[in-house]
Amino acid sequence: MKIAVAKEVREGESRVAMVPELVGKLTGLGYEVAVEPGAGTAALCSDEEYVDAGSTVSEDAMVDAALVVSVQPLESRTVRRLSAGTATLSFLPAGQSLDLVADLRACGITSFALELVPRISRAQTMDALSSQALVAGYRCAIVAAGLLRRFFPLNMTSAGTVRPAQVVVLGAGVAGLQAIATCNRLGAVVKAYDVREASAEEIRSVGAQAIDLELETLEGAGGYAREMTEDRAQRQRELLTPYIANSDALITTAAVPGRTAPLLVTAEMVEQMKPGSVVVDLAAESGGNVEGSEPGQVVRIGNAQVWGGANVASQMPGPASQLYAQNIVNLVTLMTHEGAFAPDFDDQIVSGSCVTRDRQVWHEPTRLLLEGDQS
Ligand code: NAD
């Protein structure tokens, strides 16, 4: 059976779904691996490396493949060329890709979305949201350090002492904790805030001070944050204002699953920051935690340069691809039985991540959206 590795076509996508080092894991399971020419180029993996690792490289990679792996979902015109029964494994924001889901269903494709892999401990090695958030969080810290025209660490020199940078991180999930740990390693003094109950302890464990606003915590289902009421949001913004005004760099990483990112920082709050300040908004693409941030751009608000994230994990394509490919290998291993790609739909991870199957939309919230769309 063949697994095809697609060349990414979305602008700005530099990652690849499989790296040469891990091809052997798939061939070891009994698969033939076929890579589209240039699939790994942007992630610095050459076609020759794939061939040396035991794959073929060909324009026809997807023809007769049992499974196509990619980072971004395939485009509809590619889906329409696949034979019925082919499976796809990629990120697939199903609720926001209804036309594509309709095509996947119509073409009889079995599609799996990495966003939907349940966050249970058995699935941790398959959790691409976490692996990519880790990369994005690190990158946010490095961007903040790069944009800030001052030291992160304390410097005690014969010419005097330079105080360390003050960094505030809002949102301490996977990306936020990695941003905190990285800023901390670079020597900045870091304070962080998250609405979840468990977050204060997690923040302290990576070397930052947990900001206590004495507000109720907002724990939703599955250990995620819940949405705030506008009153709560307003109060949180007021209480955070002095922390932000006193920081040299602000990094925001807050999200609520399935919703637009919460607005945590208004332009007015940014305007109170000192000259030379830096703001990094990882959530810029999903609505923005910071008012006025623009994905993929640096804009000026008051004294601050505000950097808006756009596909941030893709800005470090090597490690992001390495980790993503390992997630793919672990999922494929789960879905392989006796050398064949044969997902067991009684398995919670398999059924939980499936979007379309047998010409049906398997993911209930997407099915309802699609039906609503058609009525
Ligand atoms: P996420 O990307 O959905 O959100 C990022 C962070 O923003 C979260 O910590 C959230 O609490 C925070 N946030 C939301 N609204 C906020 C607000 N108004 N103000 C401040 N912060 C706000 O989160 P994530 O990184 O995917 O992780 C969320 C949780 O899931 C964490 O508890 C994490 O440890 C857990 N998790 C579990 C597993 C697993 O068990 N396999 C894997 C990954 C993450």
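Here is a check on your reading of the model: is Arg150 out of contact with any strand residue (DSSP E or B) (no Cβ under 9 Å at 6 or more places or on another chain) and either surrounded by fewer than 18 Cβ atoms within 10 Å (Cβ to Cβ) or at pLDDT below 95 (or both)? In short, no. From the list Val167, Val162, the one residue that fits, being farther than 30 Å from Ala17 by Cβ, more than 10 Å from the ligand (Cβ to nearest atom), β-branched (Val, Ile, Thr) and touching a residue at least 24 places away in the same chain (Cβ under 8 Å), is Val167. Considering region 218-251, and only residues there that are more than 9 Å from the ligand (Cβ to nearest atom), crowded, with 19+ Cβ neighbours inside 10 Å and outside any helix (DSSP H, G or I), the residue that is nearest to the chain's Cα centre (by Cα) turns out to be Ile251. crowded, with 20+ Cβ neighbours inside 10 Å, modelled with pLDDT of 95 or more and touching an Asp or Glu at 6+ places or on another chain (Cβ under 8 Å): is that true of Gly276 in this structure? Here the answer is no, as Gly276 does not meet what is asked.
Of the residues making up region 45-77, just one is more than 28 Å from Arg105 (Cβ to Cβ), assigned to a strand (DSSP E or B) and hydrophobic (A, V, I, L, M, F, W, C), namely Val57.
With respect to Glu59, determine if the residue is among the charged types (D, E, K, R) and within 16 Å of Val329 (Cβ to Cβ).
The answer is no for Glu59.
Is it true that some residue in region 194-204 is of a type in the set (Lys, Arg), in a helix (DSSP H, G or I) and within 20 Å of Asn184 (Cα to Cα)? So far as region 194-204 goes, yes, one or more of its residues are of a type in the set (Lys, Arg), in a helix (DSSP H, G or I) and within 20 Å of Asn184 (Cα to Cα).
Residue pairs whose Cβ atoms lie under 6 Å apart, sitting 6 or more positions apart in sequence or on different chains, and linking a residue in region 344-356 that is buried (at least 16 other Cβ atoms within 10 Å of the Cβ) to a partner that is acidic (Asp, Glu), are Val350/Asp344. Checked against (1) assigned to a helix (DSSP H, G or I); (2) at pLDDT 95 or above; (3) within 12 Å of the ligand (Cβ to nearest atom), Asn184 meets all criteria but (3).
A Cβ distance below 9 Å, combined with a sequence gap of six or more or placement on separate chains, defines the contacts here; from region 129-141, residues that are over 18 Å from Arg119 (Cβ atoms) reach residues that are outside any helix (DSSP H, G or I) and near the ligand (Cβ under 9 Å from one of its atoms) in the pairs Cys140/Thr252; Cys140/Thr253.
State which residue is farthest from Ala179 (Cα to Cα) when the search covers only region 196-207 and only residues that are more than 11 Å from the ligand (Cβ to nearest atom) and in contact with a Leu (Cβ under 9 Å, 6 or more places away or on another chain). Per the criteria, the residue is Ser205.
The values are calculated or read from the model by the stated rules, or taken from the named source; none is laboratory data. If you're wondering where the values come from, they're calculated on a predicted model, not measured in any experiment. Backbone-built Cβ (ideal geometry, glycine too); neighbour counts: all protein chains shown.
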